[in-house]
């Protein structure tokens, strides 16, 4: 089974290797450190000096931020389905998606009611989250994420990413979203 947390851990492991192998430090790997507040304004020389001392936790924080979360712990809570986590991060709504006309709602209860009405009317829509907000999208939006809108996992979660019927199905969708495509 695809595991989204494992995918990010592998990314962090690769990044850690790229940053701490003093013979082959890649400039692109160093630049990735800029997502961390402490390295945002660092010079290339300062990044290169910091690289050998980085720990895996720093690389986990980088990949967590790159995936749209505030850091590693936030990413892990969301991806593992921690019900207490109210902030879903930015993974489901990124750059280049503002052209889509999604229905935005401030509360989950309101979003769930609108979503239920649409489903009852025979209109398949997808209830998604961006940080602490909610939006309802159509199939073309799902395709823009690189996901198949007809994937059986959507049916399994009830087309509701926020409070899915099946956490395992949502985890598979997260993994598909995070797994690089060939």
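Here is how the numbers come out for the structure above:
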item	result
Counted residues, segment 34-50 - those being loosely packed, with under 13 Cβ neighbours inside 10 Å and over 25 Å from the mean Cα position of the chain (by Cα)	4
Test set (1) in contact with a helix residue (DSSP H, G or I) (Cβ under 8 Å, 6 or more places away or on another chain); (2) modelled with pLDDT under 90; (3) more than 22 Å from residue 180 (Cβ to Cβ) - residue 49 fails condition number	(1)
Residue 69 assigned to a loop (DSSP other than H, G, I, E, B), buried (at least 16 other Cβ atoms within 10 Å of the Cβ), touching a strand residue (DSSP E or B) at 6+ places or on another chain (Cβ under 8 Å) and modelled with pLDDT of 90 or more	no
Filtered residue count, segment 164-182, keeping only those that are more than 15 Å from the chain's Cα centre (by Cα) and surrounded by 15 or more Cβ atoms within 10 Å (Cβ to Cβ)	2
Subset tally (residues that are in contact (Cβ under 8 Å) with a residue 12 or more places away in the chain, under 26 Å from residue 92 (Cα atoms) and either surrounded by fewer than 18 Cβ atoms within 10 Å (Cβ to Cβ) or not assigned by TED's automatic domain parsing to the domain that holds residue 67 (or both)) for segment 8-33	3
Filter result for the condition that a residue is in a loop (DSSP other than H, G, I, E, B) and either surrounded by 17 or more Cβ atoms within 10 Å (Cβ to Cβ) or in the same structural domain as residue 8 (by TED's automatic domain parsing) (or both), over 127, 147	147
Total residues in segment 144-172, condition touching a residue at least 40 places away in the same chain (Cβ under 8 Å) and farther than 23 Å from residue 109 by Cα	3
Single match in 107, 98 (criterion: out of contact with any helix residue (DSSP H, G or I) (no Cβ under 7 Å at 6 or more places or on another chain) and at pLDDT 95 or above)	107
Subset tally (residues that are surrounded by fewer than 16 Cβ atoms within 10 Å (Cβ to Cβ) and part of a helix (DSSP H, G or I)) for segment 84-113	3
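The values are calculated or read from the model by the stated rules, or taken from the named source; none is laboratory data. This structure is a prediction, so every number in the text was calculated from the model and none was measured. Neighbour counts are summed over all protein chains in view; Cβ atoms, including those assigned to glycine, are modelled from backbone coordinates with ideal geometry.
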